[in-house]
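A.B. asks: Sharing a structure with you now.
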Protein chains: 2
Amino acid sequence: MSEKLEQLKERLGEVEDIGHAASVLGWDQQVNMPPGGSEARGQQLATLSKIAQEKFIADEVGRLIDDLKKELDGADTDEAALVRVAARNYDKAKRVPPSFIAEQAIATSKAFDAWLEARGKSDFSIFQPHLEKVVELVHKYVSFFPPGDHPYDTLLDDYEPGMKTSDVKAIFDRLRPKQVKLIKAIAASKQVKSDFLFKKYNEKKLNDLGVQVITKFGYDWTRGRQDKAPHPFESNSSVNDVRITTRYEEENPLAMLFSTMHEAGHALYEQGVNPAYERTPLAGGTSLAIHESQSRMWENLVGRSLPFWEHFYPSFKKTFASQLEGVSLKSFYKAINKVEPSFIRVNADEATYNLHIMLRLELEIGMVEGTIAVRDLPEIWNTKMQEYLGITPPNDAQGVLQDIHWSSGLIGYFSTYALGNLVSAQLWEKIKKDIQGLQDQIRKGDFSELLAWLRKNIHRHGQKYEPQRLVEMVTGSTISPEPYVRYLTKKYSEIYGL
Amino acid sequence: MSEKLEQLKERLGEVEDIGHAASVLGWDQQVNMPPGGSEARGQQLATLSKIAQEKFIADEVGRLIDDLKKELDGADTDEAALVRVAARNYDKAKRVPPSFIAEQAIATSKAFDAWLEARGKSDFSIFQPHLEKVVELVHKYVSFFPPGDHPYDTLLDDYEPGMKTSDVKAIFDRLRPKQVKLIKAIAASKQVKSDFLFKKYNEKKLNDLGVQVITKFGYDWTRGRQDKAPHPFESNSSVNDVRITTRYEEENPLAMLFSTMHEAGHALYEQGVNPAYERTPLAGGTSLAIHESQSRMWENLVGRSLPFWEHFYPSFKKTFASQLEGVSLKSFYKAINKVEPSFIRVNADEATYNLHIMLRLELEIGMVEGTIAVRDLPEIWNTKMQEYLGITPPNDAQGVLQDIHWSSGLIGYFSTYALGNLVSAQLWEKIKKDIQGLQDQIRKGDFSELLAWLRKNIHRHGQKYEPQRLVEMVTGSTISPEPYVRYLTKKYSEIYGL
């Protein structure tokens, strides 16, 4: 067995190497590449992804997996997990013909360009035929797989292994009324003041503060770096090379700080994976929801908490003395947690965010089921925005055209954002039980015990456990909405005096 | 034929893509990579190079080349050149077993570490056993090829296609006495003053000037960028993505400016290749000597010329008023062209540089012939330094251990530096005939006609012609030393009043 395992690991290691090379190329494309390099870079990435696919679906890989599966089945070892994850990915990869991947790459590349133009002109009709093609290809993709309980299951499983559409629907059905009720209660309360957040803040000083904060979080600069890019993201090409980007937004300067904490949360997860998993399919976060639970935890449960700002606000106020003149810690804390229905998901506060997601999930399921036609999306979008958040987008750029995902063929992805929020609160309840004096530690700017807990319970495992299993192992429950509702209710009751 | 050509181009295009991906990874390794990423990056690069090799030496590639060779043989078209270059590279690649490449990669990786330590401690004995292994592998490498006139021919041909050891020897034999004579004449003259070059110069201001200069040269920033790195180099992953790096040296601040011009010279060559050659083996410079002819031309024949400084010195002197107080244009010009025998090749002036190369060539040929033992290198090095330059290194760090090349298995490479100098002067004589008023243009900071000439006569052709053929097509003569000697003699006669 050991020899076959070594052979499999060597082959999978090569596939990982190619994927990691593509990561570096993708990072460079966003951070450094001169505009002229665009076409060649596209070809390089296409070639790498084609070769990785060829190498992975080789028959010999399938034989090794089959042999090893028989021998290791059911064991709770790293080796058994490795073979299990490889088998799952292999089965998926084998079902999708290379010609389909090429067709999809071309279609989404065109759809992306069309989306950019459509969003710029706020004209959905430019994007519509391309999205119709993307949806057609999604149907084709689903057809490669054995029918599940729901066609959307196939898509969801790519981002959230083991998760069913019915699971997500059930979770969201429990969450929605409570979240809507909370938002209504807040809307009926006196709004908090936040104008001082939107003054001019010096970019370099803000960035320095972000660096200082994530250094305290435990981000390891010997195994990562931070750069400026048009969009904030985390990217890794090894457990030991995990990079993040940041940006400064004139109209919302403090977003830089919170998105830095967010991306650092992703990066801390990747940096914390068991180094023995390097070059295997067990490296990396186990699902998008678990990943998002980490980024949202550091951004929100830590970074928008009162203890956090009890520590950082004095020096922050000193740095931005004129902007924050007369603004108390409490006022600042309330301002960064202001709840207000808004059009753009990425700018949404914690209380309204999940409703943006639920809306998208319903539209996606409708498109996949065939009950919603692409041409009707703008109208349905606007109706649902009114229903959930009580506002109607003034145009499609601020409505159905705001997100990049569909143009890139990413259908089945959105719900993981909301699930991540829920998981972050589930973990937080458990962490507060396990770490005595956690809030006091945060108040002192000490995050070491928190990070150690996450390392041990979440990060280290990489992809060894599927997300629902991992959450259950750690918290005693699969993904559930109640802790998040409890968290929001407590937080906003204090802020808004509900 | 056209279908087979398309098939070949598609296969070669993939190999190019992988090589270009490796270029990006290599560039990133020098410019951005956090230290933790080192091991994973090594594995990624090893995997890419292995796959590129596998893809390239596939039997089908050989069959396509053979079929196309028969059909296209002798034609002067791009297609025939593409097949010719592919055939040459294929034949070479087929002869070298993958197991040898792996063995060499491991040996040179260890040799590199040993060299770093040996140079740090100035202790050749640390490097000796590793260099012996490298030389042993070089002998093995040579044995894979049919015997040529000289075993060194095989090595030289990898860097300078079509060039023979006897050609280089003959060229150097004609060059050496004239160059030694010139140096002796200079040594007998009054030395020029240069202390003001080694004062403290502001790094940012120097860098800005470098950027300004290469922008005037015609470096296209939409298809390139400049970064800081421990060593200056040029790296490209496309005709449209050609990057350079620079560094600031405390002890020799103006080196930043000249090395920027040097690397821009390499980059202008790569940016000027016919875009139709993208993703084919015809992309890129045709040999190291031709490449070096471009970098040295911009650095020396342009950048250390009087007309160049007639244009730039007034603003330069304004920027560095205190450092250059009382320094006339003529004094500055003389200082940057000061001739003085020195230990370190990369710091050598134009008059002594080639002698450093000749020394290395003799040692390399001796090692390859087996007439020089590795253990005797330090002594022979020092003896030859005394013979050629009249100085003896105080230690091996400033002698035999100074260059990285041998530790990386690069034997057969050095002579291209000197050949590049010679070619730069050959081209320059022709350029001066073709461009009326070239010096006046340079005096006005206008390099457009010069660049257009180089584009048309050199850059555009990429690897279509072998170096000797290209030089002969353009200048009417193969590589020869006389123009360079004429150039040096004229220049230094004026500076030193010979």
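The values are calculated or read from the model by the stated rules, or taken from the named source; none is laboratory data. Everything numeric in this text was worked out from a predicted model, so none of it was measured. Backbone-built Cβ (ideal geometry, glycine too); neighbour counts: all protein chains shown. Please note that ligands, DNA and RNA were not included when accessible areas were found on the heavy atoms of the full protein model with its side chains. Shrake-Rupley method; radii C 1.70, N 1.55, O 1.52, S 1.80 Å.
A.B. asks: Of the numbered conditions (1) more than 30 Å from residue A:273 (Cα to Cα); (2) modelled with pLDDT of 95 or more, residue A:99 fails exactly one; give the number of that condition.
C.D. replies: The one condition residue A:99 does not meet is (2).
A.B. asks: For residue A:180, which of the numbered conditions (1) open to solvent by less than 80 Å² (accessible area, probe 1.4 Å); (2) modelled with pLDDT of 95 or more; (3) of a type in the set (A, V, I, L, M, F, W, C) fails to hold?
C.D. replies: Condition not satisfied by residue A:180: (2).
A.B. asks: Looking only at segment B:27-39, filter to residues that are open to solvent by 10 Å² or more (accessible area, probe 1.4 Å) and touching a helix residue (DSSP H, G or I) at 6+ places or on another chain (Cβ under 7 Å); which one of those is farthest from the other protein chains (Cβ to nearest Cβ)? Even if it seems obvious, please write down each step before you answer.
C.D. replies: Taking segment B:27-39 and keeping what is open to solvent by 10 Å² or more (accessible area, probe 1.4 Å), we get B:29-33, B:35-36, B:38-39.
Now restrict to residues that are touching a helix residue (DSSP H, G or I) at 6+ places or on another chain (Cβ under 7 Å): B:29, B:33, B:35-36.
Working: B:29: 9, B:33: 7, B:35: 5, B:36: 3 Å.
Only one residue fits best here, namely B:29.
A.B. asks: Where in segment B:386-498 are the helices (runs of 4 or more DSSP H), entirely inside, with at least 2 residues that are touching a residue at least 40 places away in the same chain (Cβ under 8 Å) and closer than 22 Å to residue B:168 by Cα? Can you show your working first?
C.D. replies: Details: elements: B:415-434, B:438-443, B:448-457, B:467-475, B:482-496.
Fully inside segment B:386-498 and qualifying: B:415-434, B:467-475, B:482-496.
A.B. asks: Would you point out which residue out of A:18, A:65 is crowded, with 18+ Cβ neighbours inside 10 Å, away from chain B (no Cβ under 11 Å) and touching a helix residue (DSSP H, G or I) at 6+ places or on another chain (Cβ under 7 Å)? Step through it out loud before you land on a result.
C.D. replies: On the way: A:18 fails: away from chain B (no Cβ under 11 Å).
The unique qualifying residue is A:65.
A.B. asks: In addition: Go through (1) at pLDDT below 95; (2) open to solvent by less than 10 Å² (accessible area, probe 1.4 Å) one by one and return the number of the condition residue A:256 breaks.
C.D. replies: (1)
A.B. asks: Which of the residues spanning segment A:68-83 are among the acidic types (Asp, Glu) and either within 29 Å of the chain's Cα centre (by Cα) or open to solvent by less than 20 Å² (accessible area, probe 1.4 Å) (or both)?
C.D. replies: Selection gives A:76, A:78, A:79.
A.B. asks: Does residue A:284 meet the test of being within 17 Å of the chain's Cα centre (by Cα) and on the phi > 0 side of the Ramachandran plot?
C.D. replies: When the stated conditions are applied, residue A:284 passes them.
A.B. asks: Something else: Within the group B:86, B:52, B:102, which residue is surrounded by 15 or more Cβ atoms within 10 Å (Cβ to Cβ) and either farther than 18 Å from residue B:14 by Cα or away from chain A (no Cβ under 14 Å) (or both)?
C.D. replies: B:86
A.B. asks: I'd like to check something: does segment B:250-270 contain any residue that is in contact with a Pro (Cβ under 9 Å, 6 or more places away or on another chain) and within 14 Å of another protein chain (Cβ to nearest Cβ)?
C.D. replies: No; the residues of segment B:250-270 include none that is in contact with a Pro (Cβ under 9 Å, 6 or more places away or on another chain) and within 14 Å of another protein chain (Cβ to nearest Cβ).
A.B. asks: Please determine whether any residue of segment A:40-48 is hydroxyl-bearing (Ser, Thr, Tyr), farther than 19 Å from residue B:270 by Cβ and more than 8 Å from chain B (Cβ to nearest Cβ).
C.D. replies: no
A.B. asks: Being polar (S, T, N, Q) and open to solvent by less than 40 Å² (accessible area, probe 1.4 Å) is the filter here; which residues of segment A:446-462 pass it? Can you show your working first?
C.D. replies: Filtering segment A:446-462 down to residues polar (S, T, N, Q) leaves A:448, A:457.
Of everything in segment A:446-462, just one residue is polar (S, T, N, Q) and open to solvent by less than 40 Å² (accessible area, probe 1.4 Å), namely A:457.
A.B. asks: Another question, if that's okay. Is it true that residue A:420 is of a type in the set (Gly, Ala, Ser), within 13 Å of the chain's Cα centre (by Cα) and modelled with pLDDT of 95 or more?
C.D. replies: For residue A:420, the condition - of a type in the set (Gly, Ala, Ser), within 13 Å of the chain's Cα centre (by Cα) and modelled with pLDDT of 95 or more - is met.
A.B. asks: Sticking with this structure for a sec: Which residues, taken from segment A:316-364, are open to solvent by 30 Å² or more (accessible area, probe 1.4 Å), outside any loop (DSSP other than H, G, I, E, B), without any contact (Cβ under 8 Å) to a residue 40 or more places away in the chain and not aliphatic (A, V, I, L, M)?
C.D. replies: A:317, A:318, A:330, A:362
Conditions (1) touching a Lys or Arg at 6+ places or on another chain (Cβ under 7 Å); (2) open to solvent by 10 Å² or more (accessible area, probe 1.4 Å); (3) without any contact (Cβ under 8 Å) to a residue 60 or more places away in the chain, marked per residue:
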{"position": "B:271", "(1), (2), (3)": "yes, no, no"}
{"position": "B:274", "(1), (2), (3)": "yes, yes, no"}
{"position": "B:283", "(1), (2), (3)": "no, yes, no"}
{"position": "B:288", "(1), (2), (3)": "no, yes, no"}
{"position": "B:294", "(1), (2), (3)": "no, no, no"}
{"position": "B:305", "(1), (2), (3)": "no, yes, no"}
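A.B. asks: So, one more: Would you tally the residues in segment A:401-417 being open to solvent by 20 Å² or more (accessible area, probe 1.4 Å) and under 18 Å from residue A:153 (Cβ atoms)?
C.D. replies: Of the residues in that region, 2 qualify.
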